[in-house]
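One structure is given below, encoded as structure tokens.
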Amino acid sequence: MEQRLRKLKAKMKRKGLDALLVTDLRNVRYLSGFTGSSAALFVGRRTHFFTDFRYQEQSRKEVSAKAIIHITTKGAAAELVLLPELKQITKIGYEGVHLTCSLLENLKKKLSKAGKFKWVSTANMVEDMRVVKEAEEIALIARAASITDKVFAEILPLIKPGVSEMDLSAEIIYRFMRYTGLPPAFSTIVASGPNSAMPHARPTKRKLRKGDFLTFDMGCQWKGYASDFTRTVVIGKATKKHTEIYNVVLQAQQRAIKGIRANISVKTADALARDYITEKGYGEYFGHSLGHGVGLNVHEAPRLAALGNGKIKSGSVVTVEPGIYLPGWGGVRIEDLVVVTAQGVKILSKSPRNKLVEL
Ligand code: ZN
Ligand code: ZN
């Protein structure tokens, strides 16, 4: 935590900020260790942590020793205005992406009693630091991925005609709760038959039938870190069309997994899979980007997309998830989590993917 704060302070210095108010809970967690649901961090010469009575006990246990803990009764702004160090500062940064306009107005109003400040909207100051994962973070994501593998393996025997998407999603969520104590990292997708043509379908009462593609997109949280994983299986015997489409997606994913390494652009990464799918005639049915970073958030930087910018950094953890979706018929997506290094990628999810599973 101390190293992270040091890094952040160096960035603040380069931007000429005297202090930064961090209000996004994931960023607060990243910088302080606090896992609760209400907190803010004021990073100046010293680091001040604000939470309310509910988290008095928890914050003492979790928040790194470097931060001064304030238990507020009237909100963080009312406490913040009392800090003596406000006298020495003028430029205060805030997280423009996360702080609401009304909270900002309130802050400005309250703090105007303590001095004249220049409020500066910042973007991604902490998020950019979170892109490159430390070894411990990768270990937590790997653990989340392995729990997800385990849950998927337990779900496979439950898949048969007559079972509904909602039944299966409930079975998945129940297991995530049992193994992690927490709800899934995002809302679990179980999409069968024509529903599998919708990349973000919600589970319905639809019962599985022979000839359906069935897509699961699921992930859990382990100590704050998310996993993200997708597999598609077929109910009954696969037809030629099922096998063909599955194999195009699989090949596209394999090309991307083989080609991705540190310092290639996110556009190039996306093209590794997209060009192949296009070559096979399904380009227009792969409408989303190839992947995204995963960490404290299930969707975070970098975005592996045709319209994305920048290069993939060594130490980032990203998904590789090409798909083909044929409206009214069905779709296939295969998604795995990988750690990017200079040499290539290391795959964190271990569930088999190399053959279309018939159930
Ligand atoms: Zn996913
Ligand atoms: Zn994903």
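The values are calculated or read from the model by the stated rules, or taken from the named source; none is laboratory data. Everything quoted here is computed from the prediction, not taken from an experiment. Ideal geometry is used to build each Cβ from the backbone, glycine not excepted, and the neighbour counts take in all protein chains shown. The protein model used for the area step is the full one, side chains on, heavy atoms only, and it has no ligands, DNA or RNA in it. Shrake-Rupley method; radii C 1.70, N 1.55, O 1.52, S 1.80 Å.
Tabulated values for the structure
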{"quantity": "Cβ pairs under 6 Å, 6+ apart, first in the stretch 276-295 and within 14 Å of ligand 2 (Cβ to nearest atom) and open to solvent by less than 10 Å² (accessible area, probe 1.4 Å), second part of a helix (DSSP H, G or I) and of a type outside the set (A, V, I, L, M, F, W, C)", "calculated": "290/270; 295/130"}
{"quantity": "Search result, residues across the stretch 178-209 that are on the phi < 0 side of the Ramachandran plot, at pLDDT 95 or above and in contact with a Lys or Arg (Cβ under 8 Å, 6 or more places away or on another chain)", "calculated": "179, 187, 189, 192, 195, 208"}
{"quantity": "Some residue of the stretch 106-122 being touching a helix residue (DSSP H, G or I) at 6+ places or on another chain (Cβ under 6 Å) and polar (S, T, N, Q)", "calculated": "yes"}
{"quantity": "Residues of the stretch 62-81 satisfying the condition of being of a type in the set (D, E, K, R) and either surrounded by 15 or more Cβ atoms within 10 Å (Cβ to Cβ) or more than 22 Å from residue 98 (Cα to Cα) (or both)", "calculated": "62, 66, 79"}
{"quantity": "Number of the exception - residue 106 against (1) modelled with pLDDT under 95; (2) within 28 Å of residue 316 (Cα to Cα)", "calculated": "(2)"}
{"quantity": "Single unsatisfied condition, residue 261 versus (1) of a type in the set (Lys, Arg); (2) assigned to a loop (DSSP other than H, G, I, E, B); (3) in contact with a strand residue (DSSP E or B) (Cβ under 6 Å, 6 or more places away or on another chain)", "calculated": "(3)"}
{"quantity": "Residue in the stretch 175-189 that is open to solvent by 50 Å² or more (accessible area, probe 1.4 Å) and within 16 Å of ligand 1 (Cβ to nearest atom) present", "calculated": "yes"}
{"quantity": "Selection from the stretch 13-35 of residues that are within 25 Å of residue 135 (Cα to Cα) and touching a residue at least 40 places away in the same chain (Cβ under 8 Å)", "calculated": "22, 24, 26, 27, 29, 30, 31, 35"}
{"quantity": "Some residue of the stretch 329-349 being within 15 Å of ligand 2 (Cβ to nearest atom) and among the polar types (S, T, N, Q)", "calculated": "yes"}
{"quantity": "Output for the stretch 36-61, where each listed residue is surrounded by fewer than 17 Cβ atoms within 10 Å (Cβ to Cβ) and in contact (Cβ under 8 Å) with a residue 40 or more places away in the chain", "calculated": "45"}
{"quantity": "Where residue 178 falls short, out of the listed (1) touching a residue at least 40 places away in the same chain (Cβ under 8 Å); (2) farther than 20 Å from residue 191 by Cβ", "calculated": "(1)"}
{"quantity": "Positions within the stretch 82-106 being open to solvent by 70 Å² or more (accessible area, probe 1.4 Å) and under 16 Å from residue 116 (Cα atoms), in sequence order", "calculated": "82, 84, 87, 88, 90, 105"}
{"quantity": "Residues that are more than 19 Å from residue 284 (Cβ to Cβ), within 15 Å of ligand 1 (Cβ to nearest atom) and of a type outside the set (S, T, N, Q), drawn from the stretch 226-255", "calculated": "226, 228, 229, 231"}
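For every residue, the table says whether it meets (1) over 30 Å from residue 12 (Cβ atoms); (2) open to solvent by 10 Å² or more (accessible area, probe 1.4 Å).
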{"position": "123", "(1), (2)": "no, yes"}
{"position": "133", "(1), (2)": "no, yes"}
{"position": "142", "(1), (2)": "yes, yes"}
{"position": "146", "(1), (2)": "yes, yes"}
{"position": "150", "(1), (2)": "yes, yes"}
{"position": "172", "(1), (2)": "yes, no"}
{"position": "197", "(1), (2)": "yes, yes"}
{"position": "207", "(1), (2)": "yes, yes"}
{"position": "219", "(1), (2)": "yes, no"}
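One line per residue, one yes/no per condition, for (1) of a type outside the set (A, V, I, L, M); (2) over 25 Å from residue 30 (Cβ atoms); (3) modelled with pLDDT under 95; (4) touching a Ser or Thr at 6+ places or on another chain (Cβ under 9 Å):
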{"residue": "114", "(1), (2), (3), (4)": "no, yes, yes, no"}
{"residue": "125", "(1), (2), (3), (4)": "no, no, no, no"}
{"residue": "128", "(1), (2), (3), (4)": "yes, no, no, no"}
{"residue": "131", "(1), (2), (3), (4)": "no, no, no, yes"}
{"residue": "137", "(1), (2), (3), (4)": "yes, no, no, no"}
{"residue": "148", "(1), (2), (3), (4)": "yes, no, no, yes"}
{"residue": "152", "(1), (2), (3), (4)": "yes, yes, no, yes"}
{"residue": "174", "(1), (2), (3), (4)": "yes, yes, no, no"}
